[in-house]
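Read the structure below first, then the notes.
All of the numbers you see were taken from the coordinates with simple rules; none came from a lab. All values reported here derive from a predicted model rather than from experimental measurement. Cβ placement follows ideal geometry from the backbone for every residue including glycine, while neighbour counts extend to all protein chains displayed.
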């Protein structure tokens with residue numbers, strides 16, 4: 001499908017929701033402030049566009065095409081942030097040969113603002129991940145991986161705050177349980193902390209102490225599971241109070257538009273994930289009125 005046709009189609013099916021009680025039909029009354037959030041997940045070292053002979057994703061994806069799309073959106077709205085929800089590494093010979101260096105360099109060229117850490121980002125060991133950190137001009141955000149007794153100590157942050165056009169945006173990262181997914185010799189003494197407990201503490205810090213207007217989680221927990229005891233993004237949305245958007249990864253879930261869940265305060269939370277391999281780019285537009293109440297419009301764009 002051509003990108004132009006896809007955009008026309010998704011424009012009709014995108015979600016428009018009120019956050020914090022703002023009416024759904026209030027768009028005409030918003031002030032000038034618009035924040036655009038772009039995101040990817042589970043790119044898995046896919047640098048090039050899929051070949052024309054590919055059975056499922058012919059001529060889709062590729063860093064060059066994504067770069068052009070991101071640039072066009074930034075030209076439309078300079079108040080744009082770009083994030084990734086993990087599993088940047090592993091999946092093509094580019095990773096086997098360069099060990100993640102190329103992936104981080106290209107993400108830096110695209111001016112990603114932050115990424116969280118997925119389980120496959122440990123595939124060359126924690127030392128292999130550390131070796132690529134100098135090639136990343138963006139932040140690695142991880143609130144529930146404790147790297148204190150590892151080589152990665154001090155190279156991640158639990159959250160980061162961005163101030164754009166008078167709007168404060170707090171972004172934090174969460175990772176999946178490593179046991180059973182990552183060999184101990186690869187993640188070494190990395191400690192996995194309960195993501196729900198960490199999320200509640202972090203979002204409270206961002207909202208109540210840092211006075212953020214928008215709170216975003218970069219999650220590599222996975223979208224949803226049949227097992228209710230396995231932490232997921234949908235559970236996270238329903239258990240939190242201040243998180244407005246959860247950008248997910250791990251389960252390679254293709255959502256045409258964000259899933260809307262209700263949090264502990266009865267407000268809407270957007271949960272989004274755009275599949276894998278850089279085929280899609282997620283876009284969420286947040287609109288703020290003069291009181292900084294927000295509504296959001298979200299789509300998934302084929303690259």
Item checked: Residues 83, 50, 254, sorted so that the one with the fewest Cβ neighbours within 10 Å comes first -> 254, 50, 83
Next item on the list: Highest first, please rank the peptides 270-276, 174-180 by the mean number of other Cβ atoms sitting within 10 Å of their residues.
Entry: 270-276, 174-180
Checklist line | For 204, 185, 66, order by how many other beta-carbon atoms lie within 10 Å, fewest first | finding: 185, 204, 66
Next item on the list: With springs only between Cα atoms under 10 Å apart, run a GNM on the chain and tell me which of 278, 170, 154 wobbles the most.
Entry: 154
Notebook entry, point to check: Sorted from fewest to most neighbouring beta carbons within 10 Å, what does the list 56, 261, 283 look like?
Noted result: 56, 261, 283
Item checked: Förster radius 51 Å - calculated FRET efficiency between residue 209 and residue 55 (Cβ-Cβ, nearest 0.05) -> 0.50
Checklist line | For the chain: rounded, prolate or oblate by the Cα gyration tensor [a/c cutoff 1.5] | finding: oblate
Item checked: Equivalent ellipsoid semi-axes - Cα gyration tensor, the range 147-303, angstrom -> 26, 20, 15
Margin query: For Cα pairs less than 8 Å apart in space and 6+ apart in sequence, what is the mean separation divided by the residue count of the chain, i.e. the relative contact order in percent?
Written below: 26
Next item on the list: Can you bin the range 222-303 into rounded, prolate or oblate? Criterion: square roots of the alpha carbon gyration tensor eigenvalues sorted a ≥ b ≥ c, rounded for a/c under 1.5, prolate for a/b above b/c, oblate for the rest.
Entry: oblate
Check: By DSSP, what percent of the beta bridges with both residues in the chain are antiparallel, rounded to the nearest 5?
Finding: 60
